[in-house]
Amino acid sequence: MADARRQARRYGVAMHVRPAVPTDFPALKPMLLDMGFVEDGAALEARFPSFCGDPLRPLLVAETGGGEADGGGMIGYALLHDYGPHLRSGNSHRTAKLEDLYTAPAWRRRGVARLLMTAVEDWARAGLLRHVFWYANTHEAGPAYVRMGYCHADAGQEGFLFFEIDFGNPADRLPHPQRGS
């Protein structure tokens, strides 16, 4: 996962992305709760370490500086789910879903999401994935992805957009509805 480590300097602040470790939970907990849909806080805390270091469910964190001890801290995270080889096509259409992308409110519109998405793309390329897809609401998240240059399609669910990155040969690409899942 070291290949996915990304660094940037925006607005005079050094930011980097790295894989999450179990001791990151206290810093990430407010972000996870802010994303919503947390049914049980104790279960979330118990589950968290299993996502750290899991190659099929990478959890990437963005932080400033050298961490909280150096005056920096967590400013965002991304969670992916690699579905593994497909039954029919093996790895040639290997797909992952971007489950979460979160930027701390004070850091929005400062390049954090773009840095995380670059790390997501690097991770996908390193794992030889063909597709990364995600859904985003039409209120804040969808427009943010569009500003980053990602194209969307109708998600088939009111209020959401479908995004997909195809890392394959452009000459071989079929739109999602034509190729099936």
C-alpha center-to-center spacing [segment 135-155, segment 35-104] in angstrom: 20
Cα Rg, Dmax (largest Cα-Cα span) when computed across segment 79-181, Å: 14.0, 45
Segment 21-171, accessible area per residue, ligands and nucleic acids excluded (1.4 Å, Å²): 53
Amide H contacts of Ala14 (H built 1.01 Å from N, under 5 Å, at least 5 apart or other chain): Gly65
Segment Leu128-Asp54, length gained on full extension (0.36 nm per residue, minus Cα span): 25.0 nm
FRET efficiency for Phe37 and His86, using Cβ-Cβ distance with R0 set to 30 Å, rounded to 0.05: 0.65
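The values are calculated or read from the model by the stated rules, or taken from the named source; none is laboratory data. It should be emphasised that the depicted structure is a prediction, and the values quoted were computed from it without experimental measurement. Counting neighbours? That spans all protein chains shown, and the Cβs are built from the backbone with ideal geometry, glycine included. Note: areas computed on protein heavy atoms with side chains; ligands, DNA, RNA excluded. Shrake-Rupley method; radii C 1.70, N 1.55, O 1.52, S 1.80 Å.
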